[in-house]
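Structure first, commentary second.
All of the numbers you see were taken from the coordinates with simple rules; none came from a lab. Computed from a predicted structure; not experimentally measured. All Cβ positions, even for glycine, are placed from backbone atoms using ideal geometry, and neighbour counts span all protein chains on display.
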Amino acid sequence: MSEVDLQAREQRRVSGAASSAELTSSDAGTAAIAHREQGKNVCVVGPYVFDENTLQWGRSVLDMARSSGLDFLIIDEVGPLEIRRNGGFEPAVQRLFDLRTSTETRIVAVVRESLLKEFASKYGVLADDICGFESFFIHRVQTST
């Protein structure tokens, strides 16, 4: 999984699945220990190991995007790490949604269907502002013909 800053044309690797050797233990911290022994600052969620330095870079990109005058800002994805653990790209995501009424930038966030209610509650998003993947594309096809 990568984070991309299109304006600066920069891309960084955010996470990857832990190696099979790291997942043989039932201890969820095994992967983190292995990475920390290599001098890396990481966060482990399930089988994924997130590089904290890259997450910090991503948060700074999102913070810069707040005042950049973009037409659209696409976040793929706001997931359990942000919604349930206040980790990942938090608090930058929260700051984006706090300012959404004072900016012309439209925010498009990819959220798993199973997290939609928690997402809406956390970020104050109204049900009318949520569009399912299938209905979005059906609407786009119908309006473009």
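Could you compute the FRET efficiency for ASP128 and MET64, with r as their C-beta to C-beta distance and R0 at 22 Å, rounded to 0.05? Don't jump to the answer; show the numbers that get you there.
On the way: r = 29 Å, r/R0 = 1.32.
According to the calculation, E is roughly 0.15.
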*Sequence-distant residues sharing a close amide H with PHE50 (under 5 Å, placed H)*: CYS43, VAL44, VAL45
*asked:* From the phi angles alone, apply the Karplus equation (6.51, -1.76, 1.60; θ = phi - 60°) to region 106-122 and give each ³J(HN,Hα) in whole Hz, x where the residue is Gly or Pro.
replied: 8, 9, 10, 10, 8, 9, 4, 4, 5, 10, 4, 5, 5, 4, 4, 5, 5
*How far apart, in nm, are two points set 7 Å out from the Cα along the Cα-to-Cβ line at PHE72 and at GLU118?*
2.7 nm
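Order 59-66, 77-84 from most to least packed using the mean count of other Cβ atoms within 10 Å.
Working: 59-66: 16.9, 77-84: 18.9.
The most tightly packed comes first, giving 77-84, 59-66.
What does the charge count around GLY87 come to, taking other residues whose C-beta lies under 12 Å from its C-beta (Lys +1, Arg +1, Asp -1, Glu -1)?
On the way: positive: ARG59, ARG84, ARG85; negative: GLU52, GLU82, GLU90.
Result for the neighbourhood of GLY87: 0.
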